[in-house]
Amino acid sequence: MTPEETFGQLLGLGKAWRVVEARLEASSSTFVLSVKETAELWPEESARAGTKVTCHDHVEPMQWRHLNVFNKECVIVCALPRGRRGDDGKVYRVTPPWEGRSKHFTQEFEAFALTLMREMPVKRAGQILGESDSRMWRMLFAHVKAAHARLSFDNVVWVGADEMNRRKGHNYLTVFADLLAKRVLFATPGKDASVWEAFAAELLRHNGHPKAIRRVAIDMSAAYTKGVASNLGNAQVVYDKFHVIQNVVEACDQVRKAESRSDAGKRELLERTRWMWLKNRTNWTEKTAGRLRTNRGVARTDGPCRSDDRRALGGYSGPLDSRSDDGLHGGTQQPVLSREAQGARVPDGGVHDQHALLRRR
């Protein structure tokens, strides 16, 4: 068996294509495989097109990067034929069986490159393969586009969304994810309410439906809340626990400040106690615990400054953890918060309006 026949079998060319030459270019240390079509190609193309296809002409020789051979770079060179359809006379370029989605690499090379890019930055993968990162990104985008077109959203019911900054300046993307399947569904520019309209349209394009979404996990953005209410009518909002805790911490600090301003004696007792109220009680020293006993009658420790309540928020087993469908079919837009959050009380006029959310069910 000749080297050309061996490489033909390794490439899986079949009867429609054959390797006519395999050579090593010493100057560039590159294996070059020259491939040409056979007469068997046109019956196959005719069967695929449903009409008789004949050879029209050939394009200029093209080159595809293949997997290395004996630690040497390997390329396939072929002047692809163009076929003419018998029914309408349309001329098209024949797609070879080895061509990947980026039209510069073979399928085998792309499979290896995608595996590397999944494990490391694209630029680093390009350095290992000896390819520019622009070519690598082009290949990656082609595969992502093809894979996304095949996605089905028919089972998507729990969605999470958050914004990310894609470059310097206020240039944001909103990314949507399936919280059950743990996969990215969609990304669109912006972080206003309109991104939810775009997501609803994307659901319809992929065999999903906006009204099938039962829960949405978001931060406490007013724009996101409005977008969910306008486009996902049956979804129940579940606020990100970290944003809830952040608001509780802010409310606690405002309680401390309000008490300090109300009386000179209280101000002296509450001076330099900010971090004491924010710390978990199990981590308090004896000195800190003694100071709490001194201040118990001064500060409103039954309000949001109770560190135990804040920790309960962090460990709350809410709807996203319970896998329960109770109360979902009414299509409520009320945010889900723990009982501890419902008990948070702050001085009137002393806290941002967002803290009113902590008293809602």
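When region 145-154 is filtered for residues that are surrounded by fewer than 12 Cβ atoms within 10 Å (Cβ to Cβ), free of Cβ contacts under 8 Å to residues at least 40 places away in the same chain and either touching a strand residue (DSSP E or B) at 6+ places or on another chain (Cβ under 8 Å) or part of a helix (DSSP H, G or I) (or both), the ones remaining, listed by number, are 145, 147, 149. Taking strands (runs of 3 or more DSSP E) as the structural unit, those lying wholly within region 1-100 and holding at least 3 residues that are within 23 Å of residue 143 (Cα to Cα) correspond to 62-69, 72-78. Of the listed requirements (1) outside the structural domain of residue 200 (by TED's automatic domain parsing); (2) surrounded by fewer than 13 Cβ atoms within 10 Å (Cβ to Cβ), residue 222 misses just one: (1). Residue count for region 113-136 under the criterion of being part of a helix (DSSP H, G or I) and of a type in the set (Asp, Glu): the result is 2. Selection within region 1-55: residues that are out of contact with any Gly (no Cβ under 7 Å at 6 or more places or on another chain) and of a type in the set (Lys, Arg). The member of this set that is surrounded by the most Cβ atoms within 10 Å (Cβ to Cβ) is 36. Restricting region 216-248 to residues that are in contact with an Asp or Glu (Cβ under 9 Å, 6 or more places away or on another chain) and not in a helix (DSSP H, G or I), the residue that is modelled with the lowest pLDDT is 240. Is it true that some residue in region 166-187 is surrounded by 14 or more Cβ atoms within 10 Å (Cβ to Cβ) and of a type in the set (Ser, Thr, Tyr)? Within region 166-187 (the criterion being surrounded by 14 or more Cβ atoms within 10 Å (Cβ to Cβ) and of a type in the set (Ser, Thr, Tyr)), the answer is yes, since at least one residue qualifies.
Looking across region 140-174, the residues that are under 26 Å from residue 123 (Cα atoms) and touching an Asp or Glu at 6+ places or on another chain (Cβ under 6 Å) come down to 172, 174. Whether a residue is acidic (Asp, Glu), part of a loop (DSSP other than H, G, I, E, B) and touching a helix residue (DSSP H, G or I) at 6+ places or on another chain (Cβ under 9 Å) was assessed, and residue 192 passes this test. Region 259-325 holds helices (runs of 4 or more DSSP H) entirely within its bounds, and those carrying 2 or more residues that are exposed (fewer than 10 other Cβ atoms within 10 Å of the Cβ) and at pLDDT 75 or above map to 264-270, 286-295.
Of all residues in region 253-280, those being in contact with an Asp or Glu (Cβ under 7 Å, 6 or more places away or on another chain) and more than 15 Å from residue 291 (Cβ to Cβ) number 0.
The values are calculated or read from the model by the stated rules, or taken from the named source; none is laboratory data. It should be emphasised that the depicted structure is a prediction, and the values quoted were computed from it without experimental measurement. Ideal geometry is used to build each Cβ from the backbone, glycine not excepted, and the neighbour counts take in all protein chains shown.
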